[in-house]
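Enquirer: Dropping the structure in here first, questions after.
The values are calculated or read from the model by the stated rules, or taken from the named source; none is laboratory data. This is a predicted model, so every value here is computed, not measured. Neighbour counts run over all protein chains shown; Cβ positions are idealised from the backbone, glycine included.
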Amino acid sequence: MTAHTPDFEVRLAKSDDDLRAAQRLRYRVFVEELGGGGAMVDHDARLEQDKFDPFYDHMILIDRALEGDALDKVVGVYRLLRHDMAAKMG
């Protein structure tokens, strides 16, 4: 058995791929583990999305040591709402 030694990076999502990786983690937690759902859940792509995503910055925790698809390397996500975006959101 090979031990996993994490190699973490924390940063704001910079691309659509980063956002999809955050939404993939949210799918694993909110849909697969907790049984959640919603109109914007994409079961085929395994993404948990909502109408608020465009307004938030997504801080992601990436474990660069994990093998496999880059979408599955995000192991933590937190959404941050800036004042200017809250005003746009209403």
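Enquirer: Taking region 1-34 as the region of interest, how many residues are within 12 Å of Ile62 (Cα to Cα), among the acidic types (Asp, Glu) and part of a helix (DSSP H, G or I)?
Expert: Matching residues across region 1-34 total 1.
Enquirer: Scan region 18-37 residue by residue and report those that are of a type in the set (Asp, Glu) and at pLDDT 95 or above. Break it down into steps so the answer makes sense when it comes.
Expert: First pass over region 18-37, keeping only residues of a type in the set (Asp, Glu): 18, 32-33.
If the condition is that a residue be of a type in the set (Asp, Glu) and at pLDDT 95 or above, then Asp18 is the only one that fits.
Here is a yes/no grid of residues against (1) within 24 Å of Lys88 (Cβ to Cβ); (2) out of contact with any helix residue (DSSP H, G or I) (no Cβ under 7 Å at 6 or more places or on another chain); (3) polar (S, T, N, Q):
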position	(1), (2), (3)
Arg24	no, no, no
Leu47	yes, no, no
Pro54	yes, yes, no
Asp72	no, no, no
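Enquirer: If you go through region 71-78 one residue at a time, do you hit one that is assigned to a loop (DSSP other than H, G, I, E, B) and among the aliphatic types (A, V, I, L, M)? Don't jump to the end; show me each part of the working.
Expert: Quick first cut of region 71-78, residues assigned to a loop (DSSP other than H, G, I, E, B) only: 73.
When the remaining residues are screened for being among the aliphatic types (A, V, I, L, M), the result is none.
There is no residue in region 71-78 that is assigned to a loop (DSSP other than H, G, I, E, B) and among the aliphatic types (A, V, I, L, M).
Enquirer: Hey, another quick one. Of the residues Lys51, Lys88, Lys14, Lys73, which single one is surrounded by 11 or more Cβ atoms within 10 Å (Cβ to Cβ) and among the basic types (Lys, Arg)?
Expert: Details: Lys51 fails: surrounded by 11 or more Cβ atoms within 10 Å (Cβ to Cβ); Lys88 fails: surrounded by 11 or more Cβ atoms within 10 Å (Cβ to Cβ); Lys14 fails: surrounded by 11 or more Cβ atoms within 10 Å (Cβ to Cβ).
None of the other options fit; the residue is Lys73.
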